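Participant: Before I ask anything, let me first share the structure, which is written out below as structure tokens.
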Amino acid sequence: MKQENIRNFCIIAHIDHGKSTLADRILEKTGALDKRELKEQTLDSMDIERERGITIKLNAVQLKYKYNSEEYYLHLIDTPGHVDFSYEVSRSLAACEGALLVVDAAQGIEAQTLANLYLALDNNLKVIPVINKIDLPSADVDKVLEELENIGFDKDEVVLTSAKTGVGIDELLTKIIEVIPAPKGEKDKPLQALIFDSLFDSYRGVITSIRVVEGEVKVGDVIKMMETGAVYDVVGLSINTPKEVAVKSLKAGEVGYLFASIKSISDVEVGDTITLENNKAPSRLPGYKPMKPMVYCGIYPIESNKFEDLREALEKLKLNDAALTFEPETSKALGFGFRCGFLGLLHMEIIEERIEREFHIDLIATSPSVVYEVIQTDESKVLVDSPAKMPRREVISKTLEPYVKCSIFTPSDYIGPLMELCQEKRGNFINIDYLDKERVTINYEIPLSEIVYDFFDKLKSYTKGYASFDYELIGYKESNLVKMDILLNGEVVDALSIIVHKDFAYNRGRAVVEKLKEIIPRQMFEVPVQAAIGMHVIARETIRAMRKDVLAKCYGGDVTRKRKLLEKQKAGKKRMKQIGSVEVPQEAFLSILSTGDKK
Amino acid sequence: MKSIGCYIHIPFCESICSYCDFCKNFYNEKQVDAYLKELEREIEDSYSKLPIDTLYIGGGTPSSLNIKQLEKLFEIINKKLDLSILKEFTIECNFENTTIEKINLFKKAGINRISFGLESINGDILKILERDANKENITKLINYCNQIGINNVNIDLMYAIPNETLKILEDDLDFILSLNINHISTYSLILEDHTKLKINNIKYIDEELDAKMYELICSKLENWDHYEISNFAKHKSYRSNHNLKYWHNEEYYGFGLGSSGYEGNIRYTKTKSLSKYLSGDYINKDSIEYLSPKDKIYYDIILNLRTKEGIDLEKFSKIYKKNLKDYYDYTDLVKNNLLIEKDNHLSIKEDLWYISNSIIIRFLEGEVTNE
């Protein structure tokens, strides 16, 4: 493989703008797969990814393409398309020299597209703008062209495609070869290979996706992870075409997979650099950051005897997901479970869904919390990732919460309502950037906990779905935080407690008790639902007692029907958790999140 | 020798009520004739010859049959079934098509209990239910029953019907109580699939009002024997022995289209397709439920707990050779006054009957699983 004939590139796009379909079309055009072999969206291999239309785990494919009677090797590196995974995105970008910036011809540029574009530019990538879905009746190519010009592209650089019909794909492939530079790097230097993804395979252990930046790695080499210090023998190397093909070595500029009988994914950190144990590189490649969970929640099995199964499920998922953290936690209301840390809300939802779907464990998840800092009167600092860990009020000197810089990309019509929303979410205005007359980026500093709460839903409903947003952590700020408890039938349900800003506690409390009244079915007795700060009740609702649950009729001695009815009632109850004397459905624990639209 | 109950279904009606999802067909003289012939064959085919102590002819509307057909029905019954120890013989009737002549025939056939479907006397409610009722006719027929010695008469009353008020219900009850009857069955409206009401998207009344209606019925019938959630007898001696078989988890034959039965270790429901039935394909195979001892215990619990006396613990341990406590741990339920254990019976207090399913579910959750 001639190094000057290699092109490493990725595709960056907003969710739904057709990234995966475009990738499929490129695979088809380069003969990597014929139409028959193409399951829809080949690169996204997990069911959930396909259903949600997002790419969770990364993937790299080698494609061959003849151009000017020369054979070129195109390495297409897939990236996740969600803000939760922005670090992983940045590492995939670092493995490339170029990127295709895909914009939907009907929707235009969105916040995420921009965020990823800036990431790509930060990584010194050559960017080819692509307007996709030009076949759509609602496509407005001229408008999108203008938008691209406004962010600094030249009209001539833009490629128009329809991944659906195949229009423009040849032109795009040519552009990739002509515009994206070949990788630099020297084969004879000490090995520096970037880990940009890893995956656990139950037969082969951890499979590491690498981009060799300098030097060469061969089967049999002894390698060392520069950050974790772990040392392994290389058992195998391969490339994905997208069928797996074993190779003997990977040289500077090349992309492939490395197997080294690695049992724990924690030894393989995305962003780390692989070098040779006996010919070490002088330094790590730049850009490494340890992964840190941003959002925590308690996860409990509905059936308490499933605790060990849940542990096993989390351990298995952890093998494949270095960002997931968990440790045992006990709740008075929910029994034994785990406090789990996630990169963001989407990451959390995906993990919960995978546990329920792949491991068949019914879960209760408590409402997500960010990590707060509490400075105690003795000046010691406590990290609070769960309301249960909040110190007593008497020993708190001050409380801090994480803030993010939030960039909202929106048509200018919605500036008013969005600023109102940000204000309501305790945001501090930074500025507004005008992209053109109709599109703006609004920048705010907002507490992360507000983003975790219902920001996204509100953003979408305030702007009929037109706005999109992206955020990055900027640090901690002092904030007047209190723990709010929820009482059912006079008893505190620890799993329902949340940490809120004191000035907003009353509204949150009202919303939560109203929502719980709606969700918790009538019981055999009246159940008061209260929100309280300390001993002080700030909101109250009452769930009236159930009055009737029997049916009287018995036609012609058909008592089997009575049994069926009873069994149905019983099954419904199984999905509920007994808390004290009250039966609480699963959704109740998340209801604290979704009180959004009710006022 | 063991005795058993028997239910015979007559699936014909002259008009179809808006709420009814039970097995029914429009009355058609020829079809009824064919049906009765087939019924005779079915009984010959599947009757295991146990003597019958309670016999119940239900519908549909048995009284929609003409005199000749009723005679044929009684002839089959007398010829084919062992009625040597028959105690109670009930027929379901509709006031609109019951005549003095038919009542005379019932008397002659040995019927000693008549169950009339009334449901309501209020014009607006009857319109919703698509039924008819005439006070004079009702009074006349019931008086006649008493006159000739059929003095065990039941009235079915339905409540919780859209637009119904407590006042309407009270008027219904007052009318029923003015009649010379000694048994009342009350049912709150159930919106079943494929009924006119359901198709027309009728909704249930408020749960609170429904419960208040039930309370009104209970208080109006305070001096009656409230022996099962929905059944009241003027005196204990007027309880329906046949219906008690259902609630006591005792056996009964089911003959006729769509009828259910319980024999030995099997519960079954006959086919609801008239054409299948007429071609001799009686049983709906999917409906057969084979009962393990555990299943029987399950039924013992869910059915008996609907009655005033509840589960007879002595009888239970005689049948299953172990105490109920060994199968289900219900100590908490007794402690919390959800169950009453008294005189070797375990029962739910009357004021909790309307939410008894919740209690029964809790009971079932206490299953002892140390085997």
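The values are calculated or read from the model by the stated rules, or taken from the named source; none is laboratory data. Predicted model, so just to flag it, every value in this text is computed and none were measured. We place every Cβ from the backbone using ideal geometry, glycine too, and count neighbours over all the protein chains shown. Heavy atoms of the whole protein, side chains included, go into the accessibility calculation; ligands, DNA and RNA do not. Shrake-Rupley method; radii C 1.70, N 1.55, O 1.52, S 1.80 Å.
Participant: Can you give the FRET efficiency for A:Ser266 and A:Phe456, using 1/(1 + (r/R0)^6), R0 = 30 Å, r = Cβ-Cβ distance, to the nearest 0.05?
Facilitator: 0.50
Participant: Run the reach check for A:Lys189 against lysines, Cα to Cα strictly under 23 Å, same-chain hits fewer than 8 apart removed. What comes back?
Facilitator: Cross-link targets: A:Lys2, A:Lys218, A:Lys224, A:Lys248, A:Lys251, A:Lys280.
Participant: Counting only C-alpha contacts under 8 Å and six or more residues apart, can you give the relative contact order of chain A as a whole percent?
Facilitator: With pairs under 8 Å counted, the relative contact order is 10 percent.
Participant: Too long at a 18 Å Cα-Cα cut-off: which of A:Lys458/A:Lys502; B:Lys72/B:Lys102; B:Lys245/B:Lys321; B:Lys37/B:Lys68?
Facilitator: Check vs 18 Å cut-off fails for A:Lys458/A:Lys502; B:Lys245/B:Lys321.
Participant: Further question: Residues with beta-carbon under 12 Å from that of B:His345, excluding B:His345: net charge, scoring Lys, Arg +1 and Asp, Glu -1?
Facilitator: -2
Participant: Can you flag which of B:Lys167/B:Lys203; B:Lys49/B:Lys296; A:Lys562/B:Lys325; A:Lys175/A:Lys405; B:Lys87/B:Lys272 are past 26 Å Cα-Cα?
Facilitator: Check vs 26 Å cut-off fails for A:Lys175/A:Lys405; B:Lys87/B:Lys272.
Participant: Moving to a separate point now. Using only helices, what value at 222 nm comes out for chain A when you add -39,500 (n - 2.57) per DSSP H run of length 4 or more and divide by the total residues, to the nearest 500 deg cm²/dmol?
Facilitator: -7000 deg cm²/dmol
Participant: Hey, another quick one. Which Cα, out of B:Leu166, A:Ile451, B:Ile302, lies furthest along the positive dipole direction of the protein assembly as shown (beta carbon charges, K/R +1, D/E -1)?
Facilitator: In the protein assembly as shown, that residue is B:Ile302.
Participant: What distance in nm separates the simple spin-label points at A:Lys477 and A:Thr330, each placed 7 Å from Cα in the Cβ direction?
Facilitator: Output for this residue pair reads 3.9 nm.
Participant: Then there is this: What is the calculated FRET efficiency for A:Asn124 to A:Met1, with r their C-beta to C-beta distance and R₀ = 25 Å, to the nearest 0.05?
Facilitator: That gives a FRET efficiency of 0.60.
Participant: Moving on to the next point. Compute the Cα gyration tensor for the stretch B:4-246, then decide on rounded, prolate or oblate, letting a ≥ b ≥ c be the square roots of its eigenvalues: rounded whenever a/c is under 1.5, prolate when a/b is larger than b/c in the other cases, and oblate in all that remain.
Facilitator: Prolate is the answer for the stretch B:4-246, as a/c is 1.5 or above and a/b outweighs b/c.
Participant: Calculated from DSSP H runs of 4 or more alone, at -39500 (n - 2.57) each and per residue, what is the 222 nm mean residue ellipticity of chain B, nearest 500?
Facilitator: Value at 222 nm, helices only, nearest 500: -11000 deg cm²/dmol.
Participant: On to the next question. Anything losing 40 Å² or more of accessible area from the isolated chain to the full protein assembly: pick those residues out of the stretch B:171-209, probe 1.4 Å, ligands and DNA/RNA ignored.
Facilitator: Going by heavy-atom accessible area, the residues of the stretch B:171-209 that drop by at least 40 Å² are B:Tyr187, B:Ile190, B:Glu207, B:Glu208.
Participant: Considering only DSSP states other than H, G, I, E and B, which GluC sites (Glu not before Pro) in the stretch B:158-203 qualify as loop sites with at most 16 other Cβ atoms within 10 Å?
Facilitator: Filter output for the stretch B:158-203: B:Glu192.
Participant: Quote the FRET efficiency, to the nearest 0.05, computed for A:Val382 versus A:Val537 with a Förster distance R0 of 35 Å and r equal to the Cβ-Cβ distance.
Facilitator: 0.85
Participant: Using 32 Å as the Cα-Cα cut-off, could you pick out the over-long pairs in A:Lys517/B:Lys220; A:Lys332/A:Lys568; A:Lys437/A:Lys460?
Facilitator: Pairs exceeding 32 Å: A:Lys517/B:Lys220.
Participant: Enter the buried accessible area of the A/B pair, total of both sides, probe 1.4 Å, in Å² rounded to the nearest 100.
Facilitator: Heavy-atom accessible area buried at this interface is about 3600 Å².
Participant: Among rounded, prolate and oblate, which fits the stretch B:311-371 when a ≥ b ≥ c are the square roots of the eigenvalues of its C-alpha gyration tensor, a/c under 1.5 means rounded, and a/b larger than b/c means prolate?
Facilitator: It comes out oblate by the Cα gyration axes.
Participant: Let me ask something else about it. Where Rh is the Kirkwood radius over the Cα pairs of the protein assembly as shown, the temperature 25 °C and the viscosity 0.890 mPa s, what D in µm²/s does Stokes-Einstein return?
Facilitator: It diffuses with D of about 72 µm²/s by this estimate.
Participant: Next question. Enter the mean number of other protein chain beta carbons within 10 Å of the beta carbon of each residue in B:355-362, as an integer.
Facilitator: 6
Participant: Still on this structure, please answer the following. So for chain B, averaging the separation of alpha carbon pairs under 8 Å that are six or more residues apart and normalising by length, what relative contact order in percent results?
Facilitator: Relative CO of chain B lands at 15 percent.
Participant: May I ask you to give the percent of accessible area on the stretch B:311-371 that is carbon plus sulfur, with a probe radius of 1.4 Å?
Facilitator: 45 percent
Participant: In the stretch B:253-285, whose amide N lies under 18 Å from the spot 7 Å out along Cα-to-Cβ of B:Ser292? List them in ranges.
Facilitator: Under 18 Å, as judged by backbone N against the label point of B:Ser292, lie B:265-267 of the stretch B:253-285.
Participant: Skip the ligands, DNA and RNA, and give the accessible area per residue of chain B with a 1.4 Å probe, whole Å².
Facilitator: For chain B, the solvent-accessible area averages 43 Å² per residue.
Participant: With a point put 7 Å past each Cα toward its Cβ, work out how far A:Lys189 is from B:Ser275 in nm, to one decimal.
Facilitator: If labels sit at A:Lys189 and B:Ser275, their model points lie 8.3 nm apart.
Participant: Separate question: Let me confirm one metric for peptide B:230-237, namely the mean number of other chain beta-carbon atoms within 10 Å of its residues' beta-carbons.
Facilitator: Per residue, the average neighbour count from other chains is 1.
Participant: Still on this structure, please answer the following. Between A:Glu420 and A:Val141, what is the label-point separation in nm under the 7 Å Cα-to-beta-carbon projection?
Facilitator: According to this spin-label approximation, the distance is 4.0 nm.
Participant: Still on this structure, please answer the following. When the accessible area of chain A is computed with all protein chains present and a 1.4 Å probe, what percentage of it is carbon and sulfur?
Facilitator: Of all accessible area on chain A, carbon and sulfur atoms account for 49 percent.
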